[in-house]
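Working notes for the structure below.
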Amino acid sequence: MLNDWLFIGIFLVLAPVFPALALVIPRIIAPRKPNPLKSQTYECGIETVGDTSVQFRVQYYLFTLVFLIFDVEIVFLYPWAVAYEQLDLFAVVAGILFIFLLVDGLIFAWRKGALEWE
Amino acid sequence: MGDPITAISLWLDGLLAGWGLAPALIIVIKALLGVGALATAVLLVDIFLVWVERKVVARFQDRLGPNRLGPFGLIQPFADVIKLLIKEDITPVGADRIVYNLAPIMALATVLLLWAVIPLAPTVVGTDVNVGVLYIVGVGALGTLGIIMAGWASNNKYALIGAFRTVAQMVSYEVPMVIALLVPVLLARSMGINSIVNAQDSYWFILVAPIAFLLTLITSIAELGRAPFDLVEAESEIVAGFHIEYTGMKFGLFYAGELLHALTLSGIVASLFLGGWRGPGAESFPLLGIVYFFAKAFFLYWVIMWVKYSLPRIRIDQMLNLNWKFLTPLSLVVLVVTALLDKALVGVQPWVYVLVLLAANLVIAWVTLQILRSRARKERQRVAEPRPIARPPAAPVSSQGA
């Protein structure tokens, strides 16, 4: 059990090393001749106007909020699914009711118009 | 021939113990070697994927593709890598240098990390953690972080808009994906990927959960940001999205990460629904299991490419509607029906079980199609009615004459 996570821990440390190596080699062999024009922000040849950190639409925020509610609730269903063999009828119905709460939340968000992209 | 991986492992055990090393150190050294071998193999497959991608897209578009370097152009991807390595690396002004450089590393490293739990053969598995599916969902979501970092750090409006879209898309499609992944977990009573593959010894889960399979495949394509869900890098709207400012090897890492992510998700879907390494003789010859696994994974990879080069890009409102108003409700229905039928069918013959679940899935599919058809009919009628905006403007009152 602990050995499994040791493997993932070592992988976690080593996985960024491979792509990082691929970024180190160009540092040595690739040409580096930056000039002010070359390092401008690319915008189809037009100069960038104003600040590049543009505001985002509020819909993105709404969808993220809906996602947060859903994802957190669904993760609770995983233990239920894993232990499905030992569950009696009561626990199964409780799980199904929990899923219906999710459906209820979806219908609520839908009727509220939170899922419309204007 | 038996099992070379276990044999090598035992041989290493004996060799290292012979050198007088502590048992804990032996475990660490073996894990290090395993990680190195796995990551190297996966990255080699990744280079090969560049060739597959270029060759297959060429065939889809009625071209030949790379065919000069080596047999069938097989050496072409190495030439591509060398070209990317010697290209100048341009960092735009105003970029957040640390985040900007970390983003491509993140994009590839998270995909590599996914391979830690995918069983390539009965014994060839990085590590068989008992929360494999949750691990895949969690680490898979980290890849999105790399894309957001790239978009945010590039100091470019298009890149930032691409990052916004990525967030909306990945976050949305995570929901039906997680629900659809619950179905194989429920059928196998385990979250470990190898246990799920082991549970498919008499039948593949695609037989009892075809809709969940399709849902997982569709949401995987969306998570990848591939066509028809590639509005995160729509050339016609936001040039290239998050990787617009990346050049040389940094762009190469994003590209490699995307290709490898596609194969990784194909491998995961193949493990969860198509029996992973299962096939005739795979138990006794583990190396045969690797062949079966990659055959299934590459088949799904090819399906993803087929979809990519056949379908046009969808708009963002269509993308969100498809997810929240179609895939999410459907996945919830599939989950409830599967759970109830599974409990109702305790103790029946396996073939009855498979037939009933398959029939239930077909019924769900038929009802879904009927609902979609009636909705589409209504939509067509609405469009057919004259819209006020289409009326000609009233003729202006003439001031001349009269």
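Residues in the range B:253-273 include none that are over 15 Å from the mean Cα position of the chain (by Cα) and among the small types (Gly, Ala, Ser). Listed by position, the helices (runs of 4 or more DSSP H) inside the range B:173-236 whose residues that are open to solvent by less than 10 Å² (accessible area, probe 1.4 Å) number at least 3 are B:193-199, B:210-224. Is it the case that the range B:68-81 has a residue that's over 29 Å from A:Val24 (Cα atoms), in a loop (DSSP other than H, G, I, E, B) and not assigned by TED's automatic domain parsing to the domain that holds B:Gly275? There is at least one residue in the range B:68-81 that is over 29 Å from A:Val24 (Cα atoms), in a loop (DSSP other than H, G, I, E, B) and not assigned by TED's automatic domain parsing to the domain that holds B:Gly275. Of the candidates A:Asn3, A:Asn35, the single residue that is polar (S, T, N, Q) and modelled with pLDDT of 80 or more is A:Asn35. Taking the listed residues B:Leu145, B:Leu120, B:Leu114, B:Leu44, the one that is open to solvent by 60 Å² or more (accessible area, probe 1.4 Å) and assigned by TED's automatic domain parsing to the domain that holds B:Thr216 is B:Leu145, with no other qualifying.
If I filter the range B:47-64 for residues that are open to solvent by less than 60 Å² (accessible area, probe 1.4 Å), basic (Lys, Arg) and not assigned by TED's automatic domain parsing to the domain that holds B:Tyr301, do I get at least one hit? Within the range B:47-64, one or more residues are open to solvent by less than 60 Å² (accessible area, probe 1.4 Å), basic (Lys, Arg) and not assigned by TED's automatic domain parsing to the domain that holds B:Tyr301. I'd like to check something: does the range B:293-315 contain any residue that is over 20 Å from the mean Cα position of the chain (by Cα) and open to solvent by 40 Å² or more (accessible area, probe 1.4 Å)? Looking through the range B:293-315, at least one residue is over 20 Å from the mean Cα position of the chain (by Cα) and open to solvent by 40 Å² or more (accessible area, probe 1.4 Å). Counting only residues that are among the β-branched types (Val, Ile, Thr) and at pLDDT 90 or above, the range B:186-220 holds 4 of them. Residues in the range B:243-260 that are in contact with a Lys or Arg (Cβ under 9 Å, 6 or more places away or on another chain) and part of a helix (DSSP H, G or I): B:His243, B:Gly248, B:Met249, B:Phe251, B:Gly252, B:Glu258. All of A:Leu37, A:Leu14, A:Leu68, A:Leu6 fail the test of being under 30 Å from A:Ala114 (Cα atoms) and among the aliphatic types (A, V, I, L, M), apart from A:Leu68. Comparison of B:Pro122, B:Pro104 shows that the only residue that is assigned to a loop (DSSP other than H, G, I, E, B) and at negative phi is B:Pro122. Among the candidates B:Leu341, B:Leu358, the residue that is farther than 21 Å from B:Leu217 by Cα, of a type in the set (A, V, I, L, M), in contact (Cβ under 8 Å) with a residue 12 or more places away in the chain and surrounded by 11 or more Cβ atoms within 10 Å (Cβ to Cβ) is uniquely B:Leu341.
Restricting attention to the range B:17-41, and to residues there that are away from every other protein chain (no Cβ under 14 Å) and in a helix (DSSP H, G or I), which single residue is surrounded by the fewest Cβ atoms within 10 Å (Cβ to Cβ)? So the residue we want is B:Gly18. Return yes or no: is B:Lys250 more than 27 Å from B:Ile82 (Cα to Cα), open to solvent by less than 30 Å² (accessible area, probe 1.4 Å) and either in contact (Cβ under 8 Å) with a residue 12 or more places away in the chain or not assigned by TED's automatic domain parsing to the domain that holds B:Arg165 (or both)? Here the answer is no, as B:Lys250 does not meet what is asked. For the range B:19-40, the condition of being among the small types (Gly, Ala, Ser) and farther than 20 Å from A:Ile10 by Cα holds for at least one residue. In the set B:Ala168, B:Ala141, only one residue is part of a helix (DSSP H, G or I) and facing another protein chain (nearest Cβ under 7 Å); that residue is B:Ala168. Residues to consider are B:Gly151, B:Gly132; find the one that is closer than 29 Å to B:Asp230 by Cβ, more than 20 Å from the chain's Cα centre (by Cα) and not assigned by TED's automatic domain parsing to the domain that holds B:Val42. Result of the check over B:Gly151, B:Gly132: B:Gly151.
The values are calculated or read from the model by the stated rules, or taken from the named source; none is laboratory data. Source: prediction; values computed, not measured. Please note: Cβ atoms are built from the backbone with ideal geometry, for glycine as well, and neighbour counts cover all protein chains shown. Only protein heavy atoms, including side chains, enter the accessible area calculation; ligands, DNA and RNA are left aside. Shrake-Rupley method; radii C 1.70, N 1.55, O 1.52, S 1.80 Å.
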